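Input: a single structure, listed below in structure tokens.
A short reminder: the numbers here are calculations on the coordinates, not readings from a lab. Because the structure is a prediction, the values reported are computed rather than measured. All Cβ positions, even for glycine, are placed from backbone atoms using ideal geometry, and neighbour counts span all protein chains on display.
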Ligand SMILES: [Zn+2]
């Protein structure tokens, strides 16, 4: 058996995760948005990756959840939000609108956030369903989404100047159009992305990364995970020093994923 | 056409068999020249058609229902899983009817994939339906869990006699409210077992955390009260009976409660009174369907194949088959029949494998699995996406130890083909 990642270099049997003799470089408070209703498609994977990589970089993660009706926790350094099916989105909709100003302030202030699929849509200006009813979003992102009868499903490769190739899987029938206030996360040499017309995927705004990709997204795209982590740490402690995560499995998983058919 | 379709179909079937072909061609031929063949033949059955559907456990449950009914002296027609449901049933019927198109059976018990459900029940309204569960399975195929629930609801709404529902799965239990035609019956689980049986809605709830009972749970005809290592307690007719079980895994044994409810409904409607002892004896003898927790022998030691295809199934598999003392291999493919989206691996906790580690990872998504285990601090022996050499290395490295292989559907087929070269395996193509 090969010892794993984290401290593969430690030969003296030190504990692999934050053991007593490891001095933490600081604590980062990570908030999962609505994990009870918006957790479809492995969104836990994104929260787990943030948590573990914080440890591997020498920081202490503190993972918190926010669900409908909870008090909104203070001093949050990083937010992850996932996808849900239509019923989940209906459940959280009013609660999310009641948190509009809090989340807007955090976004404008530079809090790093990862928003996947349904949460990406709800952070936009609105979602117009196939039948024409309009579900208001919280307008953190200058995007709008229109429901369609067409489901966009399959493996995706996104080409991004900031993060390199981003690998994942899409499954959505809402099509999103970006306004001038946001940039796309990248273009899609393989797969569809935001909508079936412009070949762009996801949105970037301040320190927000929004995307349709599951997979889960962060495990196979550690560059995005480390961007969110570095940003959170720098905002809180002024500077970030990297650890030595072992990404050899991620590298191989990316190679194989890139070769899978659409 | 009618007079010629059956002999012609049977002829095509015979020729195609001689040439080593599968069931698709004869099914296709009879479908083309006689599209009414399937429903006409099935409609002649005195006890009608029973369908079994749901995301997890259809194959084993269908097998159980068939064996339970056979214990009551009934002649049962059933189908094997195949690529095209209607064509597969038509082909299987061709094999069983006589040259004049008569089927010598009392009832048909059919495993119905959600993908083919609507089409089939619109053509052949079942007299009985058994709806097991709605779990996160191949969402890329169906879009959403709620959509799968709607498909099951459609099966229920087309059922003319009795619908048997899982009381513990809210999406399935809720179907009862939408029905006014058929009679509704339930199978259920003891409260003490609920926590070992998570549904997707409490995927993130910690292990063993209590799941609140639904308010006003309906009465269940059969309740699974306890699961032992080789036996189980079922409660029905106001008494609790203990019976030995060859099946392993809580979820298989829960589905035994489901099969019992359906078999009791069907047998109870027959001419002869139900033989309760016979039912129980048959239940205790049911062996798992291929890949569903079945045990093969390799190098004189057991090798268990555990099919995993969605997060709940994988979690239950890990829980039902503890890792202690076993060498472990995991084989993950992402072909269409496996589900293409790997996200589901991230909804399974692998802590239970931490102590012994995993010896071998394989399949087209072996490195996605490696990454998943890395994030749960589970040690990994070797990774090789190529299944044949990976399996050989696993067997070689685990000499003298019992072995367990968790695998997705197409990985399981590949592993069975490899194993058939060294041991006795029923290979299903
Ligand atoms: Zn999605």
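Structure data summary
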| quantity | calculated |
| --- | --- |
| Angle between chain A longest axis and helix A:222-237 axis [Cα atoms, degrees, rounded to 10] | 80 |
| Förster radius 25 Å - calculated FRET efficiency between residue A:97 and residue A:206, Cβ distance, rounded to 0.05 | 0.75 |
| Square roots of five times the Cα gyration tensor eigenvalues for the range A:73-205, Å | 23, 19, 13 |
| Relative contact order (%) - the range A:130-262, alpha-carbon pairs under 8 angstrom, separation at least six | 22 |
| C-alpha center-to-center spacing [the range A:100-159, the range B:362-416] in angstrom | 38 |
| Highest-first arrangement of A:212-220, A:98-106, where packing means the average Cβ count within 10 Å | A:212-220, A:98-106 |
| Alpha-carbon centroids, the range A:20-61 and the range A:198-236: separation in whole Å | 14 |
| Cα point-scatterer Debye curve for the range B:305-371, base-10 log of I(q)/I(0) at q = 0.25, 0.29 Å⁻¹ | -1.31, -1.68 |
| Mean separation of Cα contacts under 8 Å, 6 or more apart, over the residue count of the range B:292-419: relative contact order % | 35 |
| Inter-chain Cβ neighbour average for residues B:344-352, partner chain, 10 Å | 4 |
| Separation of the residue B:192 and residue A:109 label points, Cα + 7 Å toward Cβ, nm | 5.0 |
| Projected area averaged over orientations for the range A:125-262, convex hull of C-alpha atoms, nm² | 9.3 |
| Degrees between helix A:248-259 axis and first principal axis of chain A (Cα, 0 to 90, nearest 10) | 30 |
| Sites residue B:230 and residue B:174 - FRET efficiency at Förster radius 41 Å, r taken between beta-carbons, to 0.05 | 0.75 |
| DSSP beta bridge pairing in the range B:292-419, given as percent antiparallel to the nearest 5 | 25 |
| Helix A:43-56 axis, angle to chain A major axis (alpha carbon atoms, nearest 10°) | 30 |
| Where the Cα pairs of the range B:292-419 fall when distances are cut into 10 Å bins, in % | 14, 52, 32, 2 |
| Using a Förster distance of 51 Å, the FRET efficiency for residue B:242-residue A:70 (Cβ separation, nearest 0.05) | 0.70 |
| Two-site label geometry, residue B:104 and residue B:39: point separation in nm, points 7 Å out along Cα→Cβ | 2.8 |
| Relative contact order (%) - chain A, alpha-carbon pairs under 8 angstrom, separation at least six | 20 |
| For the range B:34-53 versus the range B:92-112, the gap between their alpha-carbon centres in whole angstrom | 8 |
| Hull shadow area, averaged, the range B:338-400 [alpha-carbon convex hull, nm²] | 4.6 |
| Calculated diffusion of the range B:57-119, Stokes-Einstein form, Kirkwood radius summed over Cα pairs, 37 °C and 0.692 mPa s, µm²/s | 263 |
| Stokes-Einstein diffusion coefficient of chain A, Kirkwood radius over Cα pairs, 10 °C, 1.306 mPa s, in µm²/s | 84 |
| Label-point separation in nm, residue B:269 to residue A:161, each point 7 Å along Cα→Cβ | 6.8 |
| Number of partner chain Cβ atoms within 10 Å, mean per residue of A:242-249 | 3 |
